[in-house]
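Asker: I'd like to ask some things about the structure below.
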Amino acid sequence: MFGRKQDGLDLRIREAESLTGLMRSRRPFCFLRMGDMELVYLLSHQNGRTESLEYGDGPLAGTQGVGNPGLGSRHSERLWRAYQGADYVDFHEKNWPNEHLVPRLKLNRLPGTFRNPNKETSLVFMTWTERELKNYCRGRRVGFAGAEARLLQLLSKTSEFKKAAGNYWLEEAEVFFHQARNDGRNLDANLDLVKEDLRSFVTDNRLDTLFLSLGGGAKILGFELSRELGICCFDFGAMTRALTYSGCDGNRVARSPHFPFFFRIPFDVYMDALEKAMPILTPSELLAKAHGQLIVEVMKKEIGWTFASWEYDFSEENRARFKKAYNSYRKHYRRLFDTGPETQKERNNFLHFCGTHGLTTEGRLFMARFRAKEIFRKVIGRN
């Protein structure tokens, strides 16, 4: 879905360096990415069909990949203006839907703006985060805002994070965090309230650069705030998830559609921070978050790259990591297994996943019973 990291890597490294040069020398400055959902959104606006741009929250399911940009049709004109005027847009052609749909888009980009030169240099934000983030932020006042901001703040204080993130994290910068007032599901209705919160966050902390992870809302707010406040805004997207090693988006209780990777964080350390960052999760939501985090351990991984939620790697190392995390999960969350129909359903879905891939004894037993019931139903049906 995202191609191979090695394809065009040297070109992306040089493009990431060029992007850093622009970010250092220009104010205001806004970097945006073209997600596949935002691209469909813009094409619908272009063709006058925005009535179809309404997205549901998706299921509560720690085993399923779900995502949406969080915007309805009312914001289509603002999104169009943001992409036309942003100083740099990465059109993400290495994401295969974009490769075929970007040529249909008729944006009139403003003179003096930049974009990724070609397919090989797209997805530059991952290479930039891997190689440029730490040095760029040295000596600056920077802010991280989004649904995982509080989680990142808590994790960044742990010894496990500091050890794992040493090549990427900003020890020599003044770093501030802002947890968006909305959980993402209300972003569409409250976009301007979120914007005013961000404005106060930037001005109160005298920020030079704002890293935004707010789905489609980051495109609009990043562009507008960069102009209104004279700062650098960077559409950071899934990179906050990568820095927190999160299997689920902060604004929903389902696995993310793709998983970027830089380093691992132990399951118990992650879940301790998650419970502090999101104390009002219901039992079924907390269990789904835990399941999403367990499945991260058997996801396909490459430092500085991302893979779709269905791309697994059941290597010996990943299985060992899963087993260790699973033992911690059993110890801390078995109290939630039978607290109601929703937790039971979530637990059964997770056991089905484990049984399908032979990860746990419980999963294998669950699948054996599941298949026996299927056979029984078929026999009864024939009779």
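Just so it is clear, none of the values below were taken in a lab; they were calculated from the coordinates. Everything quoted here is computed from the prediction, not taken from an experiment. Virtual Cβ from ideal backbone geometry, glycine too; neighbours counted across all protein chains shown.
Asker: Output ³J(HN,Hα) for region 214-225: one whole-Hz value per residue in order, computed from phi by the Karplus curve 6.51 cos²θ - 1.76 cosθ + 1.60 with θ = phi - 60°, and x for Gly and Pro.
Answerer: 9, x, x, x, 5, 5, 5, 5, x, 5, 5, 5
Asker: Just for the chain, what percent of DSSP beta bridges are antiparallel, to the closest 5?
Answerer: Numbers: 6 of 31 bridges.
If I count the DSSP bridges inside the chain, around 20 percent turn out antiparallel.
Asker: How much length would be gained if the chain were fully extended between LYS378 and GLN46, taking 0.36 nm per residue of separation minus their Cα-Cα distance, in nm to one decimal?
Answerer: On the way: separation 332, 0.36 × 332 = 119.52 nm, distance 5.03 nm.
Here the segment from LYS378 to GLN46 would lengthen by 114.5 nm.
Asker: At LEU107 and ALA308, where each label point lies 7 Å from the Cα along Cα→Cβ, what is the point-to-point distance in nanometres?
Answerer: 2.4 nm
Asker: Quick one: plug the Kirkwood hydrodynamic radius of region 65-203 (C-alpha pairs) into Stokes-Einstein at 10 °C, 1.306 mPa s, and report D in µm²/s. Mind showing how you got there, number by number?
Answerer: Details: Rh = 17.7 Å.
The Stokes-Einstein estimate is 90 µm²/s.
Asker: Follow-up. DSSP loop (so not H, G, I, E, B), at most 16 other Cβ within 10 Å: list which chymotrypsin sites (Phe, Trp or Tyr not before Pro) in region 237-311 pass both filters.
Answerer: For chymotrypsin sites (Phe, Trp or Tyr not before Pro) across region 237-311 that sit outside H, G, I, E and B with at most 16 neighbouring Cβ atoms in 10 Å, the list reads TRP310.
Asker: Let me ask something else. For the pair SER18/MET1, report the inter-label distance in nm, with labels modelled 7 Å from Cα in the Cβ direction.
Answerer: Taking the simple label geometry, SER18 and MET1 are separated by 2.9 nm.
Asker: How large is the convex hull of the C-alpha atoms of the chain per residue, in Å³? Before the final figure, lay out each step's value.
Answerer: Values: hull volume 59.7 nm³, N = 383.
Residue-normalised Cα hull volume stands at 156 Å³.
Asker: How long, wide and thick is region 322-369, going by the Cα atoms along their three principal axes, in whole angstroms, largest first?
Answerer: For region 322-369, the Cα spread along each principal axis is 26, 24, 12 Å.
Asker: What list of ³J(HN,Hα) values in whole Hz, one per residue of region 102-117 in order, does the Karplus curve 6.51 cos²θ - 1.76 cosθ + 1.60 (θ = phi - 60°) give from phi, with Gly and Pro shown as x?
Answerer: 4, x, 7, 7, 10, 5, 9, 5, 5, x, x, 8, 10, 8, 4, x
Asker: In addition: Just order 202-212, 143-153 by mean Cβ neighbour count inside 10 Å, highest at the front, would you? Please report the intermediate quantities before stating the final value.
Answerer: On the way: 202-212: 20.1, 143-153: 24.8.
By packing density, highest mean first, the sequence is 143-153, 202-212.
Asker: What is the distance in Å between the Cα centroid of region 259-285 and that of region 187-238?
Answerer: 24 Å
Asker: Which distance in nm do the two modelled labels at THR339 and ARG369 give, with both placed 7 Å along the Cα-to-Cβ direction?
Answerer: Simple spin-label model gives 2.1 nm for this pair.
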